[in-house]
Amino acid sequence: MRSTLFNKILFSLAAILSLLAQGIVFAPAKATFLLQRLPDWGNLTFGAILFPLSLFIFVLTIRTLKLGTRTNWTLFAIHAVTVIGIYFLLDISASGSREAGFLFTAVITTLTAFGILANTPPAENKVPPTQIEDLIEEIEILVEQKPYIESNSRALNEQIASITRKLNTEKRRTTQLTFLNELSQQLESELDPPVAAQLAVNMLEHATECSIVSLLLHEQDKKEFVALATAGKSANVIPPGYRQNSEKGLMGRVARLKKTQLVNDTSVDTDFFPINNEKTLSEIIVPIMQNGQLKGIIEVCSEKPYGFSSVDVSIVEGTALELTRAWERSSYNQRLTELIQAGISLNILLDPETAIDEIAVLARKTFEARFVFITLLNQQGEFSRKSHSGEAPKLLNALNANPSKEPLIQAALNATKPFRVRDLRKYANARNIEIDHGGLRSALAIPIRLHRLSIGTIIVFGKQEGVFFSEHDESLADLLASQAANAIESSWLIQDIRTKEITTSQLNKLSRDITQTEELNIAAELIAQAAHQTTNASETGIILISKDGKVEAEVELDENGLHTRRKHPMENVNQAIQTGNYIVVPVEKGTLVCYPLQTRARTVGVLWMNIPESTGLNIANIQALANQAAVTLERSILLSESRRQAKQIEAAYEQLQETYDLTLSALMSALDARDRETEGHSNRVSRLACMMGEALGLSGQQLKALERGSLLHDIGKIGISDTILHKPGKLTDDEWKIMRTHPDIGARIIERIPFLQECMPVVHSHHERWDGSGYPQGLKADDIPIQARIFAVADVFDALTSKRSYRKTSKPEDAVAYLREQANILFDPQIVEVLASLPYAEFIQMDKIAS
């Protein structure tokens with residue numbers, strides 16, 4: 001009895017010591033109440049002493065037992081192996097995993113102690129005779145339960161093995177993720193591609209059980225992979241600068257599919273071929289993709305079949321992604337830095353032509369493009385300058401042919417932000433563009449905007465090492481556009497300031513010199529010299545003529561100085577005199593400009609210049625010079641003639657306006673006559689609408705637009721078939737659809753007539769209604785132009801009070817009552833009340849008399 005009790009006490013002590021040792025080693029944070037009293041040599045040493053001591057007590061006690069020894073030793077072995085194995089598995093794991101391991105080992109220890117105690121033999125071997133049968137029955141039961149106990153033991157062993165495998169997998173995954181995180185942190189720094197690649201392959205060598213790790217770049221033009229970095233115990237099989245055809249082997253398959261390939265047994269894969277007798281039996285090949293283009297591959301090899309798992313594939317793919325991001329960051333930051341530095345030098349360029357040439361070169365470098373085309377507008381909105389960088393003859397010819405009508409250029413001019421085009425061949429706005437090859441199919445259009453206005457475009461074609469342009473390119477485009485606009489504005493301002501200073505100084509000097517001279521020949525020489533310097537002309541000439549058309553003075557200035565020219569470009573000179581306008585004629589290597597020297601009295605001469613192409617035309621400066629010369633020559637005549645011509649112009653304008661109005665009135669009378677029931681309708685509505693417009697305080701220009709719009713409101717019915725227009729009965733739904741197109745037809749008729757542009761609101765919107773139920777746009781309330789709202793009230797009023805075949809004529813009072821009833825529904829209530837306040841009855845009576 002005492003021996004059994006003593007054994008139980010020893011087993012309990014051994015179990016407690018084992019649990020205490022496990023707690024100290026696995027979860028020291030939970031045992032601080034004990035560890036704080038220990039000496040400096042630490043908890044690990046103390047735990048290492050306690051655990052063997054507990055094992056020793058277990059062994060000593062088991063050896064004293066006479067029964068169940070095999071089971072006890074099995075339980076003891078499970079306990080020892082489990083605790084030691086879990087410790088080594090969790091040696092580098094996080095604290096949470098170690099605490100979970102402690103709980104597991106504690107359960108195993110407890111079960112071990114309980115199993116051994118349960119298997120302890122009784123203290124006395126002598127059994128009372130009365131209990132012999134019961135003991136025999138218990139023994140038989142134990143014998144019967146033996147297979148079940150052994151089965152449970154096997155299940156426990158299998159469970160432990162499964163948990164161990166999972167722990168190993170999780171440990172491996174955690175280790176790999178730690179390596180990947182460290183690599184990501186390292187790649188945050190801007191590293192050269194070879195350095196970043198070597199860091200990546202070194203990491204993969206430690207994270208996977210491999211023999212070789214290699215990173216190869218893809219050279220698309222050469223259709224080859226070239227080794228950039230290698231690592232591993234067998235890395236020497238891949239020599240420096242190793243190259244391989246990118247269309248063959250497993251690498252070729254990855255290049256074609258652009259997907260990860262995991263080969264578990266290379267001996268059965270026909271695409272595999274070894275390099276320098278390498279012993280690779282399984283491998284992972286992961287593509288490195290950038291902007292839809294294969295940038296390179298990562299190859300991880302093992303000398304064992306089935307050497308890699310899905311965890312290994314994930315870590316290699318993660319590495320490829322981190323490398324791609326690092327390379328993109330590095331490339332973007334490098335391009336951004338270069339662009340900022342280049343922007344500083346752009347701002348000091350003095351010539352706009354030089355500026356856009358430099359911008360073209362900078363754009364091609366920044367976006368790694370194959371071709372760049374730049375257009376620049378002048379103050380008149382014309383394409384004054386063009387530049388390009390790169391070789392694409394067909395594309396250049398297509399863009400140069402007619403920039404003002406090229407849809408892609410117009411789309412870029414109308415845009416407020418850069419935009420990308422993936423494939424020009426499928427882009428509707430580039431249908432006129434012919435590209436030289438498929439590498440130019442992608443484009444990046446960049447508007448150059450200055451003070452919210454587009455002054456030009458930069459269009460970049462074909463990514464050199466990619467399929468299309470990326471978001472990074474688009475963000476850099478904003479900066480380039482801003483720098484380009486600043487550089488162009490700066491060059492314009494500098495050029496304009498210098499030109500104005502020179503021109504102003506020369507004009508002042510010219511005015512003083514001509515005023516002081518009495519000889520016409522000297523005056524002609526002074527004008528020629530000033531024009532020659534202002535325009536940087538290669539040749540300059542002047543002819544002064546009398547009232548009867550005789551040459552009074554002539555002079556020519558070229559590289560040989562001043563001299564009398566025997567033969568001026570008389571054909572162009574006479575044309576300038578006859579037309580009174582300057583003549584611009586292209587000549588070899590430049591432009592010939594003939595500018596008449598005019599006063600209000602007559603043309604006193606012609607100034608002509610041969611301006612080189614490189615100099616560029618500045619019509620404003622030439623005009624200022626010619627005007628100053630003419631003013632100085634005949635100032636008094638200019639003053640009186642200017643007054644007379646001003647009156648003539650004013651009278652001519654008024655006469656022209658009257659002619660326009662008479663023409664419009666006649667046109668609409670003819671149109672009304674087409675529909676006998678609406679004859680005179682346009683003129684009546686026009687007069688009534690103008691009366692209402694005056695009451696509402698419209699300006700003279702607005703009233704004129706209202707008057708003309710009222711006359712032309714139904715001009716679109718020209719495009720409506722007589723069958724529908726003259727149909728006596730009610731129109732069908734399809735006929736109404738056709739009839740309702742007449743506002744759009746009318747708008748298209750007048751949209752290209754400059755002096756009728758102000759009539760557009762009435763012509764296009766006269767059938768819109770206050771509640772939005774009108775057509776063609778369904779405008780509501782104040783969104784409807786005020787002239788159209790006024791006309792709508794006048795139109796319905798005249799229609800109600802005029803004779804129609806399909807209804808009775810309404811009295812004016814009834815018509816006004818109807819309009820008031822529909823105010824705030826179909827009509828503007830304010831305008832209805834304005835009509836009600838007018839003497840509309842008298843107007844109707846007068847109209848009937850007139851008709």
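The values are calculated or read from the model by the stated rules, or taken from the named source; none is laboratory data. Just so you know, these numbers come straight off a predicted model, no measurement behind them. We place every Cβ from the backbone using ideal geometry, glycine too, and count neighbours over all the protein chains shown. The area values use the complete protein model at the heavy-atom level, side chains included, leaving out ligands, DNA and RNA. Shrake-Rupley method; radii C 1.70, N 1.55, O 1.52, S 1.80 Å.
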Practice problem: Give the calculated FRET efficiency between Leu103 and His206 to the nearest 0.05, with a Förster radius of 45 Å applied to their Cβ-Cβ distance. | Solution: 0.90
Practice problem: Provide the packing ranking of 310-321, 551-562, i.e. peptides ordered by the mean count of other C-beta atoms within 10 Å per residue, highest first. | Solution: 310-321, 551-562
Quiz item: Rounded to the nearest 0.05, what FRET efficiency is calculated for Glu471 and Thr579 with R0 set to 51 Å and r the Cβ-Cβ distance?
Solution: 0.40
Quiz item: Once the Cα atoms of the range 175-316 are picked out, what are the Rg and Dmax in Å?
Solution: 14.2, 42
Quiz prompt | Computed FRET value (nearest 0.05) for Asn521 with Asn397, which takes r as the C-beta separation and R₀ as 56 Å | solution = 0.65
Quiz item: What length, rounded to one decimal in nm, is gained on full extension from Arg752 through to Val361, with 0.36 nm per residue of separation minus their alpha-carbon distance?
Solution: 136.7 nm
Quiz item: Once label points are set 7 Å from the Cα along Cα→Cβ at both Ser837 and His726, what is their separation, rounded to one decimal in nm?
Solution: 4.4
Practice problem: Please give the length that would be gained between Thr354 and Gln220 if that part of the chain were fully extended, namely 0.36 nm times their separation in residues minus their C-alpha to C-alpha distance (nm, one decimal). | Solution: 44.8 nm
Quiz prompt | Only Lys, Arg (+1) and Asp, Glu (-1) charged, at Cβ; the range 252-291 dipole about Cα centre in debye | solution = 240
Practice problem: Between beta-carbons, use under 11 Å as the cut-off and find the net charge around Leu180, counting Lys and Arg +1, Asp and Glu -1. | Solution: -2
Quiz item: With N residues in the range 188-270, what two-decimal value do you get for its Cα radius of gyration over 2.2 N^0.38 Å?
Solution: 1.15
Practice problem: Calculate the spin-label point distance for Asn245 paired with Tyr332, positioning each point 7 Å from the Cα along the beta-carbon direction, and give it in nanometres. | Solution: 3.9
Quiz prompt | Quarter of the Cα convex hull surface for the range 405-471, i.e. its orientation-mean projected area (nm²) | solution = 4.7
Self-check item: Extension gain, Ile16 back to Asp744 (0.36 nm per residue minus Cα-Cα distance, nm)
Solution: 252.4 nm
Practice problem: Heads up, I need the accessible area for Ile786: 1.4 angstrom probe, whole protein in place, Å², nearest 10. | Solution: 60
Self-check item: Members of Lys405/Lys704; Lys365/Lys386; Lys258/Lys417; Lys737/Lys808; Lys258/Lys463; Lys394/Lys426 lying beyond 23 Å, as alpha-carbon distances in this model show
Solution: Lys405/Lys704; Lys258/Lys417; Lys737/Lys808
Quiz item: Label points 7 Å out from Cα along the Cβ direction at Ile49 and Lys233: separation in nm?
Solution: 4.1
Quiz item: How many Å³ per residue does the convex hull of the Cα positions in the range 281-330 occupy?
Solution: 67
Practice problem: Please compute P(r) over all alpha-carbon pairs of the range 246-296, binned at 5 Å starting from zero, and give each bin as a whole-number percent. | Solution: 5, 21, 28, 24, 13, 7, 2, 0
Practice problem: Could you work out the per residue convex hull volume over the alpha carbons of the range 527-607, in cubic angstrom? | Solution: 98
Exercise. Write down the Å³ per residue value for the convex hull defined by the alpha carbon atoms of the range 718-828.
Key: 117
